[in-house]
Amino acid sequence: MIKKILVTGGLGYIGSHATVELIKSGRTPVIVDNLSNSTPSVATRIKQITGHDTLWHEGDLLDLAFLKTVFSKHEISAIMHFAALKSVGESTENPLRYYLHNLVTTFNLLLCMQEFAVNKFVFSSSAAVYGEPENLPVTEGSQVGTSVANPYGWTKLMMEQILRDVAASQQNWHVTILRYFNAVGAHPSGLLGESPKGTPANLLPYVVQAAAGQQEHLFVYGDDYDTPDGTGIRDYIHVVDLARGHIAALHHLDEIDGTAVYNLGTGRGVSVLELIDAFQKVNGVTVPYKIVPRRPGDIAISYADPTKAQRELGWEATLTIHDACRTAWQWEHARKDE
Ligand code: NAD
Ligand code: WQD
């Protein structure tokens, strides 16, 4: 039987791009997705890009019996765990749902790993674990947990700790925790991108909606931060670079003794106004925006020090915010034409 990579949430935004890169690198992914934030058409689009059928199972990671059938059907060599609830705001309104979902889905995977002797795991963590960083750029050694601002971030930090403890208790486990900064952009083919069901959770989808006239204005949350133009600064990393980061992590997984943590970011901070400006220039459109008060819980500045991933995984971001703005706009048109 061919060994496969189990990709949870592989029809979602980042997971679908990682699936494409997995296929391109000669691996055989098998996706589990419950379609709570994606559609089956993504599997068709992955085939259009790669020329390969994508194996996938519709089902919920909360359902341990279902998950066991997937592990029984396929010989799994490693897991990439993308599936999660990821809206920061929603996690504050309904923390129990977030703790339950994000933790139990991960517990079920760990139980299956033990039962089916799978010892390799790549985990989607987040810069949210750093909260308000004490030093910039943010390194993997920066404080975590002192200022995590929301239950979503806590679920990621808790899962990191659980993974560390479980990996340490097992023989020969290889776990890589990837802390993504702000994922942006879409696939250059125009076939994959972010398609949030309901209200978007992040800045660039709102920029796109304002440019497309679906929102009267983009609300810029605060221009009184201690930054050069007063707006918040983040590290926007192209989703294709993120996806490639997973292939690099997989490639080096055997070298990891227990658990390792890597930042996946560009190392460059970009303000909200700079992102709007880039979007307007690259796409020749206007983004109507209004400055409004700060969003509660937001921090002023966060950007990664990605040198550990460069040094140990041989990975670095190669795409720019211009690439992200162009592909995000292209994706918006492709979706409209569907
Ligand atoms: P997404 O919502 O687009 O993708 C998640 C996928 O998982 C969706 O297809 C959804 O249907 C599926 N899913 C959710 N719960 C499931 C369950 N119980 N069983 C089966 N499938 C389920 O999210 P994304 O932006 O691709 O994020 C992927 C991962 O990266 C998440 O863990 C997220 O927390 C993390 N992350 C994202 C960002 C970002 O900027 N997007 C930044 C840091 C970390
Ligand atoms: C970026 C900047 C806002 C929307 C969150 C999570 C993080 C990760 C990425 C998953 C900030 C400003 C935003 C808008 C705005 N996700 N903004 N108007 O808050 O940095 O990070 O998503 O793990 O964990 O916390 O991302 O895209 O919401 O905001 O002015 O309509 O854009 O104030 O400065 P954030 P974001």
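For T146, indicate whether it is in contact (Cβ under 8 Å) with a residue 12 or more places away in the chain, within 11 Å of ligand 2 (Cβ to nearest atom) and among the polar types (S, T, N, Q).
The answer is no for T146.
Could you check D298 against (1) within 16 Å of ligand 1 (Cβ to nearest atom); (2) closer than 30 Å to V175 by Cβ; (3) open to solvent by 30 Å² or more (accessible area, probe 1.4 Å) and say which number it fails?
Going through (1) within 16 Å of ligand 1 (Cβ to nearest atom); (2) closer than 30 Å to V175 by Cβ; (3) open to solvent by 30 Å² or more (accessible area, probe 1.4 Å) one by one, D298 breaks only (2).
Being within 16 Å of ligand 2 (Cβ to nearest atom), open to solvent by 60 Å² or more (accessible area, probe 1.4 Å) and aliphatic (A, V, I, L, M) is the filter here; which residues of region 168-206 pass it?
Across region 168-206, there are no qualifying residues.
Test each condition in (1) within 28 Å of I5 (Cβ to Cβ); (2) of a type in the set (F, W, Y); (3) over 18 Å from the mean Cα position of the chain (by Cα) for W315 and report the one that comes out false.
(3)
Can you find even one residue in region 165-178 that is in a helix (DSSP H, G or I), under 16 Å from the mean Cα position of the chain (by Cα) and either farther than 22 Å from A18 by Cβ or of a type in the set (S, T, Y) (or both)?
no
Among the residues that make up region 270-285, is at least one of them modelled with pLDDT of 95 or more and in a strand (DSSP E or B)?
Within region 270-285, one or more residues are modelled with pLDDT of 95 or more and in a strand (DSSP E or B).
Name the residue that is modelled with the lowest pLDDT, counting only residues in region 197-249 that are of a type in the set (A, V, I, L, M) and part of a loop (DSSP other than H, G, I, E, B).
By that ranking, first place goes to A201.
Please find, within region 2-22, the residue that is modelled with the highest pLDDT out of those that are hydrophobic (A, V, I, L, M, F, W, C) and open to solvent by 20 Å² or more (accessible area, probe 1.4 Å).
I14
Please work out which residue is least open to solvent (accessible area, probe 1.4 Å), limiting yourself to region 256-280 and to residues that are touching a residue at least 40 places away in the same chain (Cβ under 8 Å) and of a type in the set (D, E, K, R).
E274
Can you tell me which residue within region 70-93, out of those that are part of a helix (DSSP H, G or I) and open to solvent by less than 70 Å² (accessible area, probe 1.4 Å), is nearest to ligand 2 (Cβ to nearest atom)?
That would be V88.
Filter region 1-19 down to residues that are assigned to a loop (DSSP other than H, G, I, E, B) and more than 16 Å from R335 (Cα to Cα) and give me whichever is nearest to ligand 1 (Cβ to nearest atom).
Only one residue tops the list, namely G9.
The values are calculated or read from the model by the stated rules, or taken from the named source; none is laboratory data. As the structure is a computational prediction, the values presented were derived from the model and not from experiment. All Cβ positions, even for glycine, are placed from backbone atoms using ideal geometry, and neighbour counts span all protein chains on display. Areas reflect the complete protein model, heavy atoms only, side chains present, ligands, DNA and RNA absent. Shrake-Rupley method; radii C 1.70, N 1.55, O 1.52, S 1.80 Å.
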